[in-house]
Amino acid sequence: MVSIKDVATESGLSVATVSRALNGHPSVSDGARERVLAAVESLGYRPNVVARSLRTDRTGTIGLVISDVLNPYFTELARAVEEEARALGYSVIIGNADERADLEDHHVRGLLERRIDGLLVSPADGRSPMTLEAAAGPTPVVFVDRWIPGADAPVVRADGRDAIRDLVDHLHSLGHRRIAVITGPTATTTGRERIDAFREALAEHGIPLPEAYIGRGDFQAESGRLATERFLDLPEPPDVVFATDNLMALGALDAIAARGLRVPEDIGLAAFDDIPWFSHTDPPITTIAQPTAELGRVAVRALASLIAGEPTSSTVLPAHLVVRRSCGEPATPPQTDRAATGGAARE
């Protein structure tokens, strides 16, 4: 049977370095980790996880609880988490909360009972007692995308405020003044942040947001469809609808198509959270894009540092506006993405 000593000999590294690499210790360089992984693959080494966990009190697994596995944003996030965790020597157990606090509790409890080394959570809302208990307990916890205010755990998230301001500036420049919004649940930090930022950006232009132009959604497609139907039934429908989530934007598209209307000729549409097919719809959808994969990678690295007993802090990455043609934009040739310097990307 192949042993860790064989892996050390094959890789030309010490047994201690190989052990740290297999346990995802952040002190191991990328080059050394690649040599270890290559030796593991070449020799067919399979560590005895149970025996190792008894010796080290580590299982080599981390948990990930996401809000909705059917949401393409969280699917991409989960993939990035799994890839980065694997590179650091961890396996990932995923739980889908389906935007429900009780399911979030169920998954968090089950993962802690499995003695995971650390936990990543994107809370369905702030009402999960098990998530709060986990954040205050001995198992390292990192929040990703969403968080629970006051919980003692680092957060890795995107800041969409500037991008939402850029979107409203963009819509204003196109001549739109009647702008409606489909919000997410205000029990979530992202739901509150996005509607607050949207109100503030409208106020900067002196644009009112009447109650009739607010559709309260739940980050699900059906709520986007229902909200858009109500907007279309108004005596004075909005010029543009801003859906603060990609699934609600898809629901809005369904409602618009069901009335035989066209985007953007009859009503414009913008969305928060870019997804691959938004660039392929007719017309392509103007969106706010988050650095989803990078959020997943940074969150795993932060969790690995906590597991290793090293301090870590919260990380905020910028979102940016991607201008396409769903809000009445003139057709223009593709331009270089200028988001990194504060401008909007145009496709």
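Numbers for the structure displayed
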{"read-out": "Listing of strands (runs of 3 or more DSSP E) fully contained in segment 109-183 that carry 1 or more residues being in contact with an Asp or Glu (Cβ under 7 Å, 6 or more places away or on another chain) and among the basic types (Lys, Arg)", "value": "155-159"}
{"read-out": "Among (1) assigned to a helix (DSSP H, G or I); (2) open to solvent by 20 Å² or more (accessible area, probe 1.4 Å); (3) of a type outside the set (Val, Ile, Thr), the one test that ALA227 misses", "value": "(2)"}
{"read-out": "Complete set of residues in segment 62-96 that are open to solvent by 20 Å² or more (accessible area, probe 1.4 Å), within 17 Å of ILE307 (Cβ to Cβ) and in a helix (DSSP H, G or I)", "value": "GLU82, GLU84, ARG86, ALA87"}
{"read-out": "Meets criteria (surrounded by 14 or more Cβ atoms within 10 Å (Cβ to Cβ) and modelled with pLDDT under 95) for THR281", "value": "yes"}
{"read-out": "Restricting segment 3-44 to residues that are hydrophobic (A, V, I, L, M, F, W, C), touching an Asp or Glu at 6+ places or on another chain (Cβ under 9 Å) and open to solvent by 30 Å² or more (accessible area, probe 1.4 Å), the residue that is farthest from LEU303 (Cα to Cα)", "value": "LEU43"}
{"read-out": "Residue count for segment 195-206, restricted to those that are open to solvent by 10 Å² or more (accessible area, probe 1.4 Å) and either touching a strand residue (DSSP E or B) at 6+ places or on another chain (Cβ under 6 Å) or not in a loop (DSSP other than H, G, I, E, B) (or both)", "value": "6"}
{"read-out": "Members of segment 156-184 found to be among the hydrophobic types (A, V, I, L, M, F, W, C) and open to solvent by 20 Å² or more (accessible area, probe 1.4 Å), listed by number", "value": "LEU174"}
{"read-out": "Residues of segment 247-278 satisfying the condition of being farther than 22 Å from ARG177 by Cβ and under 19 Å from the mean Cα position of the chain (by Cα)", "value": "LEU247, MET248, LEU250, ASP273, ASP274, ILE275, PRO276, TRP277, PHE278"}
{"read-out": "Failed item in (1) under 21 Å from the mean Cα position of the chain (by Cα); (2) modelled with pLDDT under 95, with THR59 passing the rest", "value": "(1)"}
{"read-out": "Hits in segment 117-143 - residues which are open to solvent by 10 Å² or more (accessible area, probe 1.4 Å) and in contact with a Lys or Arg (Cβ under 8 Å, 6 or more places away or on another chain)", "value": "ASP117, MET130"}
{"read-out": "Residues that are open to solvent by 10 Å² or more (accessible area, probe 1.4 Å) and small (Gly, Ala, Ser), drawn from segment 185-194", "value": "ALA187"}
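The values are calculated or read from the model by the stated rules, or taken from the named source; none is laboratory data. Not measured: the values here are computed from a predicted model. As a convention, Cβ positions derive from the backbone with ideal geometry for all residues, glycine included, and neighbour counts pool all protein chains shown. Ligands, DNA and RNA are stripped out before the accessible areas are found, and what is left, the full protein with its side chains, is counted by its heavy atoms. Shrake-Rupley method; radii C 1.70, N 1.55, O 1.52, S 1.80 Å.
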